[in-house]
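What follows is a short report on a single structure.
The values are calculated or read from the model by the stated rules, or taken from the named source; none is laboratory data. This is a predicted model, so every value here is computed, not measured. Cβ placement follows ideal geometry from the backbone for every residue including glycine, while neighbour counts extend to all protein chains displayed. Heavy atoms of the whole protein, side chains included, go into the accessibility calculation; ligands, DNA and RNA do not. Shrake-Rupley method; radii C 1.70, N 1.55, O 1.52, S 1.80 Å.
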Amino acid sequence: MVRTEAKRKKTYGNPSNTADETSIASRVSDLSAELNEHVFQGRIFDARGTALKLKSLRNEQRDAAEVDVELISEVLDQAEHVDQLLHDLHSDDGWTLAKESKGVTIHYRREAGTSIHTIRAQTEFHNFEPKDFTKLCSLFVETECMPKWFPGGVMKKADVLSWHSKYSKVIQLHISLDLLPFLSSRDAIVYGNGYHLPAQNAFLIRSKSTQEDTCRYCEIPKAAKGIVRMDTESIFFVQLLQKDVISFKMIGRDDLKLKYIPAPLLNHISQGHLPYELMRTVKRTIKNFEGSVWDKKMKERVDYYKEIEDKVHVQLEKWDKEGTNGASDRLGYGAKVSKKPVPSAKRSKISDEAAGKRALSAYHFIHAHPNAVTCFDAESNQAVIIQ
């Protein structure tokens, strides 16, 4: 009799337990839907809050409900990364001023375990309207059009492999350095994510390459014969500072896998012409926006871009009610660094000074032999064959 009752309980369960399980399943379903919506809308910090609730619920009732563990892990990792990116964008930790000219400021930072520097550039757009904020975002949303504005003509093509949420894509970039025609072309498989950050009145666009062969969103093509798969990470930050002022910042680090070109030369280029020209190109593209390919794309995706512009209007209305012109006087934007570049002899070690001399020699060699299939090797201090 006891055995039969035990069997009945095991088979049919306790009614109160069944009700609890149903309630938990319903809560998991609601939170999962909420998480997916936050992710789709690019609200990474809201998504983190929901993901933590789901994670806690799963830990308490592991057998009661199914949750997307992979998505939770991805959201938590991305949120932590965005926190770090915001710190890097606004702090002075480890940054050294490299150049300041015509409203564009460039810093660099040495990273552990690599000789390739990370670069940060920033500028401001004045006398802007809410529509201009949307225009600026469109330069990064319309991935296939990026080669049309990206400086130096180095980006030849950008293919969207997956557009799996409103602000998230998987992209294949095709890179070729016309200045060094003897080098093999490059490509990169990049995860691109856009995040709406209401607390900062901003959008953050982050792209980071992967060397993995698989992806949960799409098939990853192998590098074509003769193509070198590179590493790249870029962050673009578009922020409404005041009613008519937009801040535009970027952080970038590119490892082109150039075996025989010395890192000091690459760092010299990346700290000067390239980020400076990128900022100027963005400004020029926005100034000549009417009738451009981005203008046409915005008209094709009216609802998509209207939503972004509406977010700007919401913030402007909030400032009007507060009687303020913006938030730049209350929040810290930009690094606290010296306004004048520090002479290299004072900020570098002797080894860095020697490396700079080798880089300068390499620079002169490359420009003196633009069509040669050789390059300067900083280690051997000689011209070598590029394979």
* Asked: If you scan segment 53-81, which residues turn out to be open to solvent by less than 70 Å² (accessible area, probe 1.4 Å) and closer than 19 Å to residue 235 by Cα?
  -> 74, 75, 76, 78, 79, 81
* Applying the selection to segment 82-106, what residues are farther than 27 Å from residue 29 by Cα, within 17 Å of the chain's Cα centre (by Cα) and surrounded by 15 or more Cβ atoms within 10 Å (Cβ to Cβ)? -> 85, 86, 88, 89, 90
* Structure fact -> Among the residues of segment 50-107, the number that are out of contact with any His (no Cβ under 9 Å at 6 or more places or on another chain) and in a helix (DSSP H, G or I) is 30
* **strands (runs of 3 or more DSSP E) fully within segment 140-246 counting 1 or more residues that are modelled with pLDDT under 90, acidic (Asp, Glu) and open to solvent by 20 Å² or more (accessible area, probe 1.4 Å)** => 231-242
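Listed here are the residues, each with its yes/no results for (1) under 16 Å from residue 281 (Cβ atoms); (2) of a type in the set (D, E, K, R).
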| site | (1), (2) |
| --- | --- |
| 109 | no, yes |
| 127 | no, no |
| 136 | yes, no |
| 143 | no, no |
| 148 | yes, yes |
| 154 | yes, no |
| 168 | no, no |
* Asked: Can you tell which of 200, 211, 172 is under 30 Å from residue 37 (Cα atoms) and in contact with an Asp or Glu (Cβ under 6 Å, 6 or more places away or on another chain)?
  -> 172
